[in-house]
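Below: one structure, written as structure tokens.
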């Protein structure tokens, strides 16, 4: 079992979600976050005072997938989220030790 | 034979008695009738004229009273939720309720103070500097007008209208000590401030026999139509003293503290603009053409202020901000307040424009240079706006708008070159009273209760530590 975390531009969320569902991903969690990589922030001004806003709004999608779905998922995420500019985001992949379905105590890949 | 005489006598008497009536019936306007009719008509005419005068007076009173009562409600709306939202949006999320509570507390507490002693100290006859206690507990304040102030409305209306001013003035100061003042200390401080700074200033300029009253026996006639000096200078300068006395917020100015909701500030600002019609036009204490004139001046001052601030900001920072536009309107309104019932519409545009530029400079340039933390710009907008407006009133007041000096020249443009100097005297006294009064009260309250919350509480936020609440509990 593998966790795939994708940090993307907020405006790409609908496209990425649709693509994942079409690819057979059945569950995901979505977070609104602020962050930055290489992308520079911008300046906001309130009553003459400048505020350097370097934490930009992003969206993080998290999903735990059976191993055979991981490459397909990464492919559709990158495809739907890419614009070619700095700030597109990143995808992280990590191993998951256990998954449990709370409703009926199923464990392992059948719980995903 | 005897009976014949008696009969004749009876007939003659009867004829004499009833003949006039018969003649009146038959030939009106003959014999005595013309005199009676003329008298009756004259009497009826006199009665009708008196009824007409009474009806006109009643209608006028009705109109005046309705307008001033409405204005009272509008001015209260300026505090709650106008100022509460305006200030609330400017602070960090963790302090939104605490900030709004500072305005709301005034709505409740000052009402009681006003009833017990506040109205009397402002408006009862006393000496040149403070009123007496004749109206303590609102004794004698009822349906009968007080001709010193407003001859066509009940004195109760005058009292309740003035209360709304006494409420918003201390509430304005809270902008200076936002995000770091103890609620208890704030309540005590602002009550003492109202009694020791607001009441004397209001009495001096508006109260009968006040030292600075332009029309009711003042030694130095200061023109203040709706409170540029009484409200804005006193609160704005006191705000500066508070900001200096309490010190900066933890993390200011290096930590970014942008407004948590310009949306709330925007809504509050618009409520302030509309409510200000009650503040200025209501100060005519009547519903006639002077109210119209003040209404117009108010609108023009606000609009010019918004445009001026936005223009300067656009040139300096590259973009016209929503916060700037709303702030500019408020600056224009604060500045036009003093002259709203004395200056013409074009003068109001000028005053608003000057306000936008001056207050923007104060807030965006000068404040940073001096380094004080007037968190919500109470001094920058109200202290400076009020002072500028007070002076410009002396320049631009015109007898054509309001012949307040019995037809004599009013402002400098009328030819009365002394008026700006008189205005300066009022400004100076306002500054002095605010500085001295506020300093003393702050010292006393700090020594007894302690003004500032602890550093830990300041970091946690006022909502949690002073009020046990969260402004936004989205998870529920």
Kindly evaluate residue B:254 against the criterion of being in contact (Cβ under 8 Å) with a residue 12 or more places away in the chain and either assigned by TED's automatic domain parsing to the domain that holds residue B:89 or surrounded by fewer than 19 Cβ atoms within 10 Å (Cβ to Cβ) (or both). no
Which of the residues belonging to region B:337-349 are free of Cβ contacts under 8 Å to residues at least 60 places away in the same chain and within 21 Å of residue B:236 (Cβ to Cβ)? B:348
Within the set of pairs 6+ apart or on separate chains, which have a first residue in region A:1-18 that is farther than 19 Å from residue A:86 by Cα, a second that is crowded, with 17+ Cβ neighbours inside 10 Å and at pLDDT below 95, and C-beta atoms under 7 Å apart? A:1/A:112
Which members of region B:313-338 meet the condition of being at the interface with chain A (Cβ under 10 Å from one of its Cβ atoms) and closer than 29 Å to residue B:396 by Cα? B:313, B:324, B:327
Going by the structure shown, is residue B:326 touching a helix residue (DSSP H, G or I) at 6+ places or on another chain (Cβ under 6 Å), buried (at least 24 other Cβ atoms within 10 Å of the Cβ) and under 19 Å from residue B:90 (Cα atoms)? yes
Residue satisfying all of: in region B:243-293; in contact with a strand residue (DSSP E or B) (Cβ under 8 Å, 6 or more places away or on another chain) and in a helix (DSSP H, G or I); nearest to the other protein chains (Cβ to nearest Cβ) among these: B:262
Read through the list (1) outside any loop (DSSP other than H, G, I, E, B); (2) within 17 Å of the chain's Cα centre (by Cα); (3) farther than 30 Å from residue B:89 by Cβ, then give the number of the only condition that residue B:170 fails. (3)
For region B:85-102, which residues satisfy the criterion of being within 23 Å of the chain's Cα centre (by Cα) and under 18 Å from residue B:326 (Cα atoms)? B:85, B:86, B:87, B:88
Among the residues that make up region B:357-370, is at least one of them farther than 22 Å from residue B:238 by Cβ and either away from chain A (no Cβ under 14 Å) or touching a residue at least 60 places away in the same chain (Cβ under 8 Å) (or both)? no
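Listed here are the residues, each with its yes/no results for (1) more than 13 Å from the chain's Cα centre (by Cα); (2) closer than 13 Å to residue A:16 by Cα; (3) touching a residue at least 60 places away in the same chain (Cβ under 8 Å).
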{"site": "A:43", "(1), (2), (3)": "yes, no, no"}
{"site": "A:55", "(1), (2), (3)": "yes, no, no"}
{"site": "A:70", "(1), (2), (3)": "yes, no, yes"}
{"site": "A:85", "(1), (2), (3)": "yes, no, no"}
{"site": "A:88", "(1), (2), (3)": "no, yes, yes"}
{"site": "A:91", "(1), (2), (3)": "no, yes, yes"}
{"site": "A:104", "(1), (2), (3)": "yes, no, no"}
{"site": "A:110", "(1), (2), (3)": "yes, no, no"}
Restricting the search to region B:125-153, which residues are in a loop (DSSP other than H, G, I, E, B) and buried (at least 24 other Cβ atoms within 10 Å of the Cβ)? B:153
Got a sec? Which strands (runs of 3 or more DSSP E) wholly within region A:1-107 have at least 1 residues that are over 30 Å from residue B:361 (Cα atoms) and either modelled with pLDDT of 95 or more or within 14 Å of chain B (Cβ to nearest Cβ) (or both)? A:2-8, A:29-35, A:56-65, A:89-95
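Here is a yes/no grid of residues against (1) more than 20 Å from residue B:299 (Cα to Cα); (2) touching a helix residue (DSSP H, G or I) at 6+ places or on another chain (Cβ under 6 Å):
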| residue | (1), (2) |
| --- | --- |
| B:350 | no, no |
| B:370 | yes, no |
| B:375 | yes, no |
| B:379 | yes, yes |
| B:384 | no, yes |
| B:390 | no, yes |
Residue among B:392, B:462, B:376 that is farther than 30 Å from residue B:259 by Cα and surrounded by 19 or more Cβ atoms within 10 Å (Cβ to Cβ): B:392
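The values are calculated or read from the model by the stated rules, or taken from the named source; none is laboratory data. Predicted, not measured: the structure shown is a model, and the values here were computed from it. Please note: Cβ atoms are built from the backbone with ideal geometry, for glycine as well, and neighbour counts cover all protein chains shown.
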